[in-house]
Amino acid sequence: MGGLADTTIDPFDIFREVIFRLTVNTTTSLNVAADPDGCNALLKIFHGLDLAATPVTVLFPWFFGPDRMRRFYLMKQFYNTRRNTINERKLKGRNDDDPLQFLIDEGLSAIEITQFAVAVLFTGNANTAVIAPALVCDLATHPSYLSQVREEIETFISLFNVDTSLPLKTRIQTIAYDEWIRPGAFPIMERCLKETIRLRVGTPLHRLTHTDKDIQMGSVIVPPGTIASFHTSFVHHNEDIFTAPFEWDPERFTQGREEDKKSPMAFVGWGVGRHPCLGQKFATFETFLLTALTVMLYDIEVVDQHGKGLIEMPPVGLNNPVVSPPPTAVHLKLSAHA
């Protein structure tokens, strides 16, 4: 992310591209991640799939309407790119050390590999590509927290490389993945991330009752074959749980206050129950890494599309079917951090 000083960017576009390449590199194919044009073409297909995942396609998967047709067309495009990559490797006798090669060696078909790729890219990219830039914007509009996070990051990096004369990228490369996600490594940034998720995630969650008997959910009986929906705002923006719920306030999670413990499952940002988010650790790593690079390399200011400074983020959109960027344009003005 270097080389962006003295410019204004759309963080929700830039972060999405970087996070997508990171996820492709880690979970699918090294050679695709190394090809910016190919990776951007995949991202365009994937973004289209994400936009076509409307409530209608979720609640009525058997209905072959316009959004379902669009998803079918985009999935065919995605499959073609995977098949071409697989055929190229087999033709050239390549044996790269990445997940794609492992799946090929295990004998999976191109369709099975495509299904795996779509699943991991969705879980590793869709929400993180919104939450990570939102966290940076929230920090930019709260200078005291930005200062604390910068100090926390510098302390963390110095545990592994104290030579401040080296470029930040070089110092960070010495830090293992496990250290970034070690509990307690970033107590302040962890609270800030949790608060950004609480405030910015206002979307419905769906669960198919795939059983042959009724399921009791509180005082509600859910029959077999029924899709139960729950909006995160019922808890995340509930003033009976969180004080001033539409204000960004990481201190609500500090010891002694701990508003998220006022009610069972008051915080559902990573999912709850038996099947929470499987990619939580990797998403946290991506978010912390990109936040560290951004705030340590640049002085940041949130501005609108005309370059006018904003003192706070736009109101949260509560009618989005999926986790989405702010309803109005938000940009970051970057200048080299001394």
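Hey, got a sec? Which chymotrypsin sites (Phe, Trp or Tyr not before Pro) in the stretch 126-215 land in a DSSP loop and have at most 10 other Cβ atoms within 10 Å? Could the numbers behind the result be given before it?
Working: sites: Tyr145, Phe156, Phe160, Tyr177, Trp180; in loops: Phe160.
Loop-located and lightly packed - none at all.
Suppose every Lys and Arg Cβ carries +1 and every Asp and Glu Cβ carries -1, with no other charges. What dipole size does the chain come out with about its Cα centre, to the nearest 20 debye?
It comes to approximately 1040 debye.
Explain nothing, just the number: dipole magnitude of the stretch 155-207 about its Cα centre with +1 on each Lys and Arg Cβ and -1 on each Asp and Glu Cβ, in debye rounded to the nearest 20.
320
How big is the gap, in Å, between the Cα center of the stretch 65-112 and the Cα center of the stretch 266-286?
Using only Cα atoms to place each centre, the spacing works out to 27 Å.
What's the longest uninterrupted piece of the chain once you rule out the trypsin sites (Lys or Arg not before Pro) that are loop residues per DSSP with at most 16 other Cβ within 10 Å?
Longest gap between qualifying sites, sites excluded: 95-212.
Would the chain count as rounded, prolate or oblate if I go by the C-alpha gyration tensor, calling it rounded below 1.5 in a/c and otherwise prolate when a/b exceeds b/c, oblate otherwise?
Since a/c reaches 1.5 but b/c is at least a/b, the shape of the chain is classed as oblate.
Report, in deg cm²/dmol and to the nearest 500, the calculated mean residue ellipticity at 222 nm for the chain, where each DSSP H run with n ≥ 4 adds -39500 (n - 2.57) and the sum is divided by the residue count.
-15000 deg cm²/dmol
Once the piece of chain linking Thr7 and Thr328 is laid out straight, how much longer is it, given 0.36 nm per residue of separation minus the C-alpha distance between them? Could you put the intermediate results ahead of the total?
Details: separation 321, 0.36 × 321 = 115.56 nm, distance 1.99 nm.
Gain in length upon complete extension: 113.6 nm.
Under 10 Å, Cα contacts only: if you run a Gaussian network model on the chain, which one of Ile14, Ile111, Ile215 comes out with the highest mean-square fluctuation?
Result for the chain, Cα springs under 10 Å: Ile215 fluctuates most.
Within 10 Å of each candidate Cβ there may be at most 15 other Cβ atoms; applying that plus a DSSP loop requirement, which GluC sites (Glu not before Pro) in the stretch 278-320 survive?
Qualifying residues, ordered by number: Glu312.
Please label the shape of the stretch 112-210 as rounded, prolate or oblate, based on the square roots a ≥ b ≥ c of the eigenvalues of the alpha-carbon gyration tensor (a/c under 1.5 means rounded; beyond that, a/b larger than b/c means prolate, else oblate).
oblate
According to the square roots a ≥ b ≥ c of the eigenvalues of the Cα gyration tensor, what is the shape class of the stretch 57-185, taking rounded for a/c under 1.5, prolate for a/b larger than b/c otherwise, and oblate for the remainder?
oblate
Can you tell me the equivalent ellipsoid semi-axes for the stretch 1-137? Use √(5λ) from the Cα gyration tensor, largest first, whole Å.
Computed over the stretch 1-137, the values are 25, 23, 12 Å.
Under a point spin-label approximation (7 Å from Cα along Cα-to-Cβ), what is the Glu106-Trp62 distance to one decimal in nm?
3.2
Full extension from Thr209 to Lys261: what is 0.36 nm times the residue separation minus their Cα-Cα distance, to one decimal in nm?
Extra length from Thr209 to Lys261 when fully extended: 16.0 nm.
Can you pick out the pairs among Lys194/Lys262; Lys194/Lys333; Lys194/Lys261 whose Cα atoms lie more than 22 Å from each other?
Details: Lys194/Lys262 16 Å; Lys194/Lys333 24 Å; Lys194/Lys261 13 Å.
Check vs 22 Å cut-off fails for Lys194/Lys333.
Bear in mind that the values in this text are calculations on the coordinates, not laboratory data. It should be emphasised that the depicted structure is a prediction, and the values quoted were computed from it without experimental measurement. As a convention, Cβ positions derive from the backbone with ideal geometry for all residues, glycine included, and neighbour counts pool all protein chains shown.
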